[in-house]
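**Q** To start, I am sharing the structure in question, which I have written as structure tokens.
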Amino acid sequence: DAAKPGLSLGPYGVHWNRNQTFWDFLPAYHLYISRCSQMLREGKAVADILYLTPEGAPVTFDTPLDAMQGDAHMRDKKGYKFDAVSPRILKMRAEVQDGRIAFPGGTHYRILVLPNVETMTPETLETVTELVKAGATVMGHPPRKSPSLMGYPACDERVQQLSSRLWGEKPQEKREFGKGWILRPSTATDIQLSKTGKRLYPEYALIADVLKNRGIPEDFQSDAPIRYGHRITNDSEIYFVANTADKTMSANCDFRVSQGRPQLWDPVTGQMRDLPQFTHQGGVTSVPMTFAPHQSFFVIFPRQAPAIPAAPAEAPNFPEIKPVATLEGPWQVTFDPERGGPESISFERLQDWTQREELGIRYYSGTAVYRKTFDLPAEHSAGNRTYLDLGTVRDIARVKLNGKDHGIVWCEPWQVDVTDTLRPTGNLLEIEVANCWVNRLAGDQSAPDQNARTLQWKNGLMGGRSYKTGRYTFATVGGKWSLRPAGLLGPVTVRE
């Protein structure tokens, strides 16, 4: 306990243990992860394009960058999602169902895309030929020889025979074979659109055009930077959608669903509600949505009658919540003296801890409790849902009102529903706020807190040697620490 935060991973991660300042607040985040994990393993993943990896060792998939979107830090697949498959798995498990390449218990794909290489073993080419014959659509150039010396030179002759049979003697852009189609893409350009700087697959736009021309719209589209995932079960379509921007976004989201009334499931709160505003057209359901910065939702399309009450058709999907009062004036704030903070102090206004003159607050890492008593304004309408909005929190908070715990907020929007707890007068508000270790680590680098203690482990940890360390912290990684904004920054408002 004397060595907190203790063992550190530096730039490679954070140890998830009780030595973290925010450990007691993490159940809310863990619940979000649990809900998302449960939903994102339901049913089967939906994807349209299946890329075949080249043969050889090692077997790698060079992701076509023109099939991705977003910045380099967080790239996402475009509207037609894709996966990759090795020739061995294709041969062992692939089959054709209703014109799609299917895997037992897995995803069904609308098109198989071959790599732009001139080699393919006869066994793999035979598998591709049988898939096309059974009804699959395949895009790629005909291979000319085998990459293996097994059966040489007969293996090369077999590849040429199979290629002529599948693609035809003369080049054709589109050729029917059995129940399926073989497509020959236009000559690949030399644009560097892969990690290796080479184009290993036909242009994504060519593949997308094939699907669009068949009346298959993109699985998801939006006029805002929204990332998505899609899974399908026997009774519903499940979409995960998330705002990649650090600002509030209004977005029109198009889902490749032709029927059903959409529902919004919030993985942060667990609440489920109807989305009354939507339109069906051309196999697509359009839903206007509003996202807080980096906010995520599940949009569910049940095939049966909705399990939740339907909202009136004229009701907005995301009702506007307006502030009716701002909690001004002083706050009584208590810190933990064992972490170097004052036991109790009055803040005349909400302020970033790092901007305070008191060193015990500026460099504080841990939990502080803000308390205030307030009355509701005359403008408050008793019949409306009422929310307490914390404005901005650094980094996580627990809200208690009139003795009732309203839970933990750890992301935008920083608000809780307090409709059933509010009183006209004398509301006692308590907000526990925790920040990260970095500020106290920074404080312990400066006098008089630098090298203020000596630590030694009797069990021989760290070689059994003694170490000079900060007055409040010990970490196995060094460096110059910079202060991060901390505390309840506000403004705290009552909204309805």
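**Q** Quick check on Y364: is it of a type in the set (S, T, Y), closer than 18 Å to T392 by Cβ and outside any loop (DSSP other than H, G, I, E, B)?
**A** Against the criterion (of a type in the set (S, T, Y), closer than 18 Å to T392 by Cβ and outside any loop (DSSP other than H, G, I, E, B)), Y364 does not qualify.
**Q** Still on this structure, please answer the following. Are any residues in the stretch 107-122 among the hydrophobic types (A, V, I, L, M, F, W, C) and surrounded by fewer than 19 Cβ atoms within 10 Å (Cβ to Cβ), and if so, which ones?
**A** Passing the criteria: only V117.
**Q** Continuing with this model, one more query. Can you tell me which residue within the stretch 250-270, out of those that are of a type in the set (A, V, I, L, M, F, W, C) and within 16 Å of the chain's Cα centre (by Cα), is surrounded by the fewest Cβ atoms within 10 Å (Cβ to Cβ)?
**A** The extreme case among them is W265.
**Q** Of the residues that make up the stretch 471-480, is at least one more than 32 Å from the chain's Cα centre (by Cα), of a type in the set (G, A, S) and open to solvent by less than 50 Å² (accessible area, probe 1.4 Å)?
**A** no
**Q** While we're on this one: So, in the stretch 263-314, of the ones that are among the charged types (D, E, K, R) and part of a loop (DSSP other than H, G, I, E, B), which residue ends up farthest from C411 (Cα to Cα)?
**A** Selected residue: R303.
**Q** When D24 is evaluated against the numbered criteria (1) over 27 Å from P302 (Cα atoms); (2) touching a strand residue (DSSP E or B) at 6+ places or on another chain (Cβ under 7 Å); (3) modelled with pLDDT of 95 or more, which criterion, by number, is the only one it fails?
**A** Only one criterion in (1) over 27 Å from P302 (Cα atoms); (2) touching a strand residue (DSSP E or B) at 6+ places or on another chain (Cβ under 7 Å); (3) modelled with pLDDT of 95 or more is unmet by D24, namely (2).
**Q** Part of a strand (DSSP E or B), touching a strand residue (DSSP E or B) at 6+ places or on another chain (Cβ under 7 Å) and touching a residue at least 40 places away in the same chain (Cβ under 8 Å) - does that describe any residue in the stretch 413-421?
**A** Scanning the stretch 413-421, I find at least one residue that is part of a strand (DSSP E or B), touching a strand residue (DSSP E or B) at 6+ places or on another chain (Cβ under 7 Å) and touching a residue at least 40 places away in the same chain (Cβ under 8 Å), so the answer is yes.
**Q** Restricting the stretch 1-25 to residues that are closer than 25 Å to K400 by Cβ and touching a residue at least 24 places away in the same chain (Cβ under 8 Å), which is surrounded by the most Cβ atoms within 10 Å (Cβ to Cβ)?
**A** Per the stated criteria, the residue is T21.
**Q** Determine which member of the set A136, A154 is open to solvent by less than 80 Å² (accessible area, probe 1.4 Å) and at pLDDT below 95.
**A** Exactly one residue qualifies, and that residue is A154.
**Q** From L401, L428, which residue is closer than 19 Å to P377 by Cβ, of a type in the set (A, V, I, L, M) and open to solvent by 50 Å² or more (accessible area, probe 1.4 Å)?
**A** Going through L401, L428 in turn, just one is closer than 19 Å to P377 by Cβ, of a type in the set (A, V, I, L, M) and open to solvent by 50 Å² or more (accessible area, probe 1.4 Å): L428.
**Q** Select, from A45, A67, the only residue that is open to solvent by 20 Å² or more (accessible area, probe 1.4 Å), among the aliphatic types (A, V, I, L, M) and in contact with a Lys or Arg (Cβ under 8 Å, 6 or more places away or on another chain).
**A** Unique residue meeting the criteria: A45.
**Q** Pull up the stretch 71-106, narrow it to residues that are among the hydrophobic types (A, V, I, L, M, F, W, C), modelled with pLDDT of 95 or more and assigned to a loop (DSSP other than H, G, I, E, B), then point me to the one that is surrounded by the most Cβ atoms within 10 Å (Cβ to Cβ).
**A** A94
The values are calculated or read from the model by the stated rules, or taken from the named source; none is laboratory data. Predicted model only: the values in this text are computed from it and were never measured. Reconstructed Cβ throughout: ideal geometry from the backbone, glycine too, with neighbour counts over all protein chains shown. Accessible surface areas use protein heavy atoms only, side chains included; no ligands, DNA or RNA. Shrake-Rupley method; radii C 1.70, N 1.55, O 1.52, S 1.80 Å.
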